[in-house]
Amino acid sequence: MPTPDIRPGPAAGPSRDGAVDSRRLPLYAAGEIDVPFVVRGSAEIIPRDTFWEEHSHPTHELLWNQRGASSATIGARVWTITPAVGLWLPAGTRHSGWTPAGTWHRAAQFGVHAVPPISDGPVAMEVTPLLRLLLDRLDADDLTRDARSRTEAMVLDLLTPARHELILRIPESPLLAPIAAAVREDPADATTLAVWAARLGVSTRTITRAFRSETGLGFSQWLATARMQHAVAMLAREEEIDEVAACVGYHSASAFGAAFRRITGLSPGRFRSEIQ
């Protein structure tokens, strides 16, 4: 496979004209198409905000970014993808995606005949500098068969689940849907659990139990995670940390930084340096 011609320019924000590209790909079952490779990579700098309609691959897929942050949706779960934390999708997994303009998008396909599934379902993966270098090496046209086999073996050996992941399960029940919609529309929404309970005519305990049952998180944990997903997208657009903190509902950069570190394992400044 020829090395992709990708020359990064300045990081871009949302498409200037507000338009969104939509890409449609086929739905394949695992192994439906035989492929002649063990690992094959692709790379693209996304010129406009892009929505990838639901699709699936006959191969396993590893998604990550050379620059920027994007997301993939599998069922009711939304995964954030960055240069340090990618997403492993077993062959046949249906997913859709969102890739903002300026993202340097990377993907690698793994043949099911040669690579057993890493997990039964999607899983966040550590994308270390060494793993990135090895995947880049596989794009070279002049690799000998033996060199390619050794490199592929090292790539497979380095595939490790991430210690931190940014994943949000979107509640879909009629009770919680209004809360989820409000927070995703405005992450700074300061409506308390008690106010939501009064609006919806239920007890705070009922909402708390419903959140735990549907998302695996309590209301405050879910809210913090939703806010951090929004914050990651803003940091990828090079917005100031103070502005990001205010936009996602924190009164100070220090409070935002502490919450961000708890969820992602990094400070906002360190995170931004890693995705640019």
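The values are calculated or read from the model by the stated rules, or taken from the named source; none is laboratory data. Predicted model, so just to flag it, every value in this text is computed and none were measured. Neighbour counts are summed over all protein chains in view; Cβ atoms, including those assigned to glycine, are modelled from backbone coordinates with ideal geometry. What goes into the accessible areas is simple: the full protein's heavy atoms, side chains included, and nothing from ligands, DNA or RNA. Shrake-Rupley method; radii C 1.70, N 1.55, O 1.52, S 1.80 Å.
Could you count how many residues in region 195-231 are among the small types (Gly, Ala, Ser), open to solvent by 30 Å² or more (accessible area, probe 1.4 Å), within 26 Å of Gly257 (Cα to Cα) and in a helix (DSSP H, G or I)?
Of the residues in that region, 1 qualify.
State the number of residues belonging to region 246-265 that are on the phi < 0 side of the Ramachandran plot, in contact (Cβ under 8 Å) with a residue 40 or more places away in the chain and not β-branched (Val, Ile, Thr).
The number of residues fulfilling the criteria is 2.
Determine, yes or no, whether Asp242 is open to solvent by 40 Å² or more (accessible area, probe 1.4 Å), touching a Phe, Trp or Tyr at 6+ places or on another chain (Cβ under 9 Å) and acidic (Asp, Glu).
Considered against the rule, which asks whether it is open to solvent by 40 Å² or more (accessible area, probe 1.4 Å), touching a Phe, Trp or Tyr at 6+ places or on another chain (Cβ under 9 Å) and acidic (Asp, Glu), Asp242 comes out as yes.
Condition first: part of a loop (DSSP other than H, G, I, E, B) and touching a helix residue (DSSP H, G or I) at 6+ places or on another chain (Cβ under 8 Å). Now tell me which residues in region 140-164 satisfy that.
Result: Leu143, Leu159, His164.
Please specify each residue of region 165-194 satisfying the condition of being open to solvent by less than 70 Å² (accessible area, probe 1.4 Å), of a type in the set (A, V, I, L, M) and in a loop (DSSP other than H, G, I, E, B).
Result: Leu166, Ile170, Leu175, Leu176, Ala188.
Taking region 128-139, which residues are touching a strand residue (DSSP E or B) at 6+ places or on another chain (Cβ under 8 Å) and either assigned to a strand (DSSP E or B) or aliphatic (A, V, I, L, M) (or both)?
Answer for region 128-139, where residues must be touching a strand residue (DSSP E or B) at 6+ places or on another chain (Cβ under 8 Å) and either assigned to a strand (DSSP E or B) or aliphatic (A, V, I, L, M) (or both): Leu135, Leu138.
For region 97-113, enumerate the residues that are under 17 Å from Asp21 (Cα atoms) and open to solvent by less than 20 Å² (accessible area, probe 1.4 Å).
Hits for region 97-113 are Gly97, Thr99, Ala101, Gly102, Thr103.
Among (1) within 30 Å of Arg270 (Cα to Cα); (2) assigned by the TED database to the domain that holds Arg270, where does Val155 come up short?
Condition (2) is where Val155 drops out.
Can you pull out the residues in region 246-276 that are open to solvent by less than 50 Å² (accessible area, probe 1.4 Å) and either assigned to a loop (DSSP other than H, G, I, E, B) or of a type in the set (Ser, Thr, Tyr) (or both)?
Result: Val248, Gly249, Tyr250, Ser252, Thr264, Gly265, Leu266, Ser267.
Working carefully through the options Arg169, Arg150, Arg145, find the one that is more than 24 Å from Ser119 (Cα to Cα) and of a type in the set (Lys, Arg).
Only one candidate passes the filter, namely Arg145.
Report, by residue number, each residue of region 113-125 that is of a type outside the set (Gly, Ala, Ser) and either modelled with pLDDT under 95 or outside the structural domain of Val39 (by the TED database) (or both).
Matches in region 113-125: His113, Val115, Pro116, Pro117, Ile118, Asp120.
If Glu243 passes every condition in (1) farther than 25 Å from Arg163 by Cα; (2) part of a helix (DSSP H, G or I); (3) touching a residue at least 12 places away in the same chain (Cβ under 8 Å) but one, which one does it miss?
Checking Glu243 against (1) farther than 25 Å from Arg163 by Cα; (2) part of a helix (DSSP H, G or I); (3) touching a residue at least 12 places away in the same chain (Cβ under 8 Å), the one that fails is (3).
Kindly list the number of the only condition in (1) more than 17 Å from Leu168 (Cβ to Cβ); (2) in a loop (DSSP other than H, G, I, E, B) that fails for Met125.
It fails just one condition, (2).
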